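All remarks here apply to the structure that follows.
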Amino acid sequence: MLEEYLPFMWLIIFGNIENLILSSQGVVKGVDPKVLCCLSLIVVMCWLILGTVLTDAAMQYSNIINFIGGLAIFILGIQSVYGAVKSIRSKRSA
C-alpha cells in the first residue's frame with residue numbers, strides 16, 4: 001500500500017514544510033494561534049482525503065504534480081522569509 005505513495009514522497013515531505021511556512025506567516029501577521037491551528041488541521045485533513053481518494057488518478061501526472069508543488073513551496077518559502085525579514089527590520093527601526 002505504501003508503494004502507491006512513493007512517487008509523491010517528496011511532495012508529502014515538502015508539503016509538511018509548506019504548512020510550517022504558512023503557519024509562520026500567520027504568526028508574523030499576528031493571527032490568533034488557536035485559529036491558525038484549527039485552519040491548519042482542516043487543510044491537512046482535506047489534503048489527506050484528496051490524496052487518498054485521488055492517488056490512482058493522479059499517478060500518471062506525479063512528476064508534474066511534484067514539480068508544481070515543489071515550485072509553490074519554494075516560492076512560499078521565499079515569500080515567508082522576505083516577510084519575516086521585513087517585519088524584523090521594521091521592529092528594529094521603531
Kindly list the number of the only condition in (1) open to solvent by less than 90 Å² (accessible area, probe 1.4 Å); (2) in a helix (DSSP H, G or I) that fails for V31.
(2)
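On the basis of being farther than 24 Å from I88 by Cβ and surrounded by fewer than 13 Cβ atoms within 10 Å (Cβ to Cβ), does I12 make the cut?
It is false that I12 is farther than 24 Å from I88 by Cβ and surrounded by fewer than 13 Cβ atoms within 10 Å (Cβ to Cβ).
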Of the candidates I73, I88, the one satisfying the condition of being exposed (fewer than 13 other Cβ atoms within 10 Å of the Cβ) and modelled with pLDDT of 75 or more is I88
Exactly one of these conditions fails for S62: (1) open to solvent by 70 Å² or more (accessible area, probe 1.4 Å); (2) closer than 16 Å to I13 by Cβ; (3) among the polar types (S, T, N, Q). Give me its number.
(1)
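The values are calculated or read from the model by the stated rules, or taken from the named source; none is laboratory data. Here the structure is a predicted model, which is why all the values come from computation and not from measurement. Heads up, the Cβs are rebuilt from the backbone with ideal geometry, glycines too, and the neighbour counts pull from every protein chain shown. Surface areas here come from the heavy atoms of the whole protein model, side chains and all, with no ligands, DNA or RNA. Shrake-Rupley method; radii C 1.70, N 1.55, O 1.52, S 1.80 Å.
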